[in-house]
Structures are given as C-alpha cells and as structure tokens.
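Remarks on the structure that follows.
What follows draws every value from the coordinates through simple rules; no lab data is involved. Just so it is clear, the model here is predicted, and its values are computed rather than measured. Ideal geometry is used to build each Cβ from the backbone, glycine not excepted, and the neighbour counts take in all protein chains shown.
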Amino acid sequence: MTKNLIKTFNSEKIKGNKLLAILIDPDVFKISETNTFLGKLPQETTHIFVGGSTVEIGKTEALVSELKKETQLPILLFPGDETQITDHADGLLFLSLLSGRNPEYLIGQQVKAVSKLRNSNIEVIPTGYILIDGGNQSSIERVSNTKPMLQSEIQKIVDTAKAGEYLGCKLIYLEAGSGARILVHPKIISAVKNEINIPLIVGGGIKTEKQKQEVYQAGADLVVMGTAFENI
Ligand code: 1GP
C-alpha cells in the first residue's frame, strides 16, 4: 500500500509548494490523546514523522497503528535506530548520518534494518542526514557519538549534502537537533539548496510561524516541527 511519497516530494518541490511535517516522539506522546492532537495540528500539515533518538521497543508500532486509524496524512518513520522500524508506516526515512564518522550510523544500523524491510511494503527513502550545531548538545549527538558540523563550515556542509546526492540519496535533511537554540542559518539552507537537485528538509528548534517562513524562504522544501507541538 505504497503512497509514492518520494514522487510527491519531488512534484511539490517542482511546483514550489512547501511541505510541513509534524514530528511525534513515541516515547513522550500519549497514544490516548492521538485524536485530540491531530485535531490541533495546523491545516497546512502534509506529513507526520514518527521517531526519537531512543524509543522503548513496541511504542513506535503502537503509535503508528493508532495514527493510521485517525488520519489520512502519510506517516513516515524518522527512526533513531533500527528497532523503531515498523511496516505499519507508509514510509521510512532511511537515514545515513553523513555529518558524522561513526560507521554504525553511516551504514551499521541500515544493514541491521534490512531483515525488517525486505518483505515489507514500506517505501524506503534514502536520506542524507546532516547534523549541524544548534547551540546545545542534541540527543542525536549524544546517541550517535558524533560531532555536529559547525555553522561556519558552509562549504563543507554543502559538499556533504552534494556527496549525499551523488551517493543516491533522494532527500537531504539539515538537522539542528530537537530543541536547538540556534536554527540552521538561512545562508546554509540557501547554499545547500543551490547545490542539490533533490528536496531539502530542515528541522530543529523551529517554533514560530516567522521562523518557519524564514526557513522556507531560504530554500527548505519541507520543514519539520516537533517540540513546538509537544504540549498543544
Ligand atoms: C528534530 O528536526 C526535528 O529531529 C525537530 O526538532 O523538536 O526542535 O522541532 P524540534
């Protein structure tokens, strides 16, 4: 039951339509409040992302199953590790942490995921994941044991994103980390946008409408917001 998610990302990018994903962390989300939560999401929400740096086994599948009952929005897994993979979701951001040099998050977790994916209908979307310094230590930095790229290293970030595209990634995700104090700078977003020909996702620390619009204007095709919706 594939929704051809990457096709939609590409066609919306071409049309210049901006996308909004709300990120839910199964470890903190109350499943009993799913319906109320969905009712409060902004009208312009186009996707739900589900994932967290560390999530108790079974919680992701339970949440995704509940979400599937309550919404037509596509549900994409945004997993911190392979234990969060469930084929109840529509798609999987098959992340490789290109900013880091820890083989476990570049290819190790991906190999471990294969046994869960080979007989599944979930749409697997290769995604180059680039962690950028958001001014405070992110849980991704802690869990992956990698350093974020500095905001001043614009050319290196651009080259990393382009290398991801050359490797076959269908999406690039610039991540400042959940709850980042400093957003990915618009200059970085624009520079990456100008270099790559695939859709660009940006997330981490985006809370207000103004910030969201600035990130779109800089060149993001899809904005991810998590923390801002945690207590709505
Ligand atoms: C984190 O990019 C996402 O992986 C979202 O971050 O929780 O700060 O919105 P926030």
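Taking θ as phi - 60°, what are the ³J(HN,Hα) couplings along the range 76-88 by the Karplus curve (6.51, -1.76, 1.60), each to the nearest whole Hz, with x for Gly and Pro?
Running phi through 6.51 cos²θ - 1.76 cosθ + 1.60 with θ = phi - 60° gives 10, 7, 10, x, x, 7, 5, 5, 8, 7, 9, 7, 6 Hz.
Mind checking which of GLY80, GLY168, GLY219 has the largest fluctuation in a GNM of the chain, springs on alpha carbons under 10 Å?
Of GLY80, GLY168, GLY219, the Gaussian network model singles out GLY168 as fluctuating most.
Considering only DSSP states other than H, G, I, E and B, which GluC sites (Glu not before Pro) in the range 124-232 qualify as loop sites with at most 16 other Cβ atoms within 10 Å?
Values: sites: GLU141, GLU153, GLU165, GLU175, GLU195, GLU209, GLU214, GLU230; in loops: GLU153, GLU230.
Answer in residue order: GLU153, GLU230.
What distance in nm separates the simple spin-label points at LYS15 and VAL114, each placed 7 Å from Cα in the Cβ direction?
Taking the two extended label points, one gets 3.7 nm.
Is there a quick way to get the dipole size of the chain? I mean about its Cα centre, with the Cβ of Lys and Arg at +1 and of Asp and Glu at -1; what is the value in debye to the nearest 20?
Values: 25 positive and 26 negative charges, 83 e Å.
The dipole of the chain has a size of about 400 debye.
With all distinct Cα pairs included, what does the Kirkwood hydrodynamic radius of the range 44-102 come out to in Å, to one decimal, could you say? Before the final figure, lay out the partial values.
Working: mean 1/r = 0.0829 Å⁻¹.
Computed over the range 44-102, the radius equals 12.1 Å.
Given the options ALA220, ALA161, ALA113, which has the most mean-square fluctuation in a GNM of the chain, springs set between C-alpha atoms less than 10 angstrom apart?
ALA113
Under 13 Å from a point placed 7 Å out from the Cα of SER139 along the Cα-to-Cβ direction: which residues of the range 163-198 have their backbone N that close?
Once the point is set 7 Å along Cα→Cβ of SER139, 177-180 turn out to lie under 13 Å by backbone N, inside the range 163-198.
Can you bin the chain into rounded, prolate or oblate? Criterion: square roots of the alpha carbon gyration tensor eigenvalues sorted a ≥ b ≥ c, rounded for a/c under 1.5, prolate for a/b above b/c, oblate for the rest. List each step's numbers first, then the result.
Details: a/c = 1.36, a/b = 1.20, b/c = 1.13.
Since a/c stays below 1.5, the shape of the chain is classed as rounded.
Give me the net charge for the shell around VAL158: Cβ to Cβ below 10 angstrom, other residues only, Lys and Arg +1, Asp and Glu -1. Before the final figure, lay out each step's value.
Values: positive: LYS156, LYS162, LYS193; negative: GLU153, ASP159, GLU195.
Result for the local shell: 0.
Set Lys and Arg Cβ to +1 and Asp and Glu Cβ to -1, take the dipole of the range 5-231 about its Cα centre, and tell me which of THR127, LEU167, GLN110 lies farthest positive.
LEU167
Would you give the gap between the C-alpha center of the range 101-116 and the C-alpha center of the range 163-232, rounded to a whole Å?
24 Å
Under 1.5 on a/c is rounded, so check that first for the range 1-131, then, if it is not, pick prolate when a/b is larger than b/c and oblate when it is not; a ≥ b ≥ c are the square roots of the alpha carbon gyration tensor eigenvalues.
On the way: a/c = 1.58, a/b = 1.18, b/c = 1.34.
Oblate, because a/c is 1.5 or more while a/b does not exceed b/c.
Run the numbers for GLU214 and GLU56: contour at 0.36 nm per residue of separation, minus the present Cα-Cα distance, in nm. The partial results should precede the final answer.
On the way: separation 158, 0.36 × 158 = 56.88 nm, distance 3.48 nm.
My answer for the length gained is 53.4 nm.
Connecting C-alpha atoms closer than 10 Å in a GNM of the chain, tell me which of ARG181, ARG118, ARG101 has the biggest fluctuation.
Residue with maximal mean-square fluctuation among ARG181, ARG118, ARG101: ARG118.
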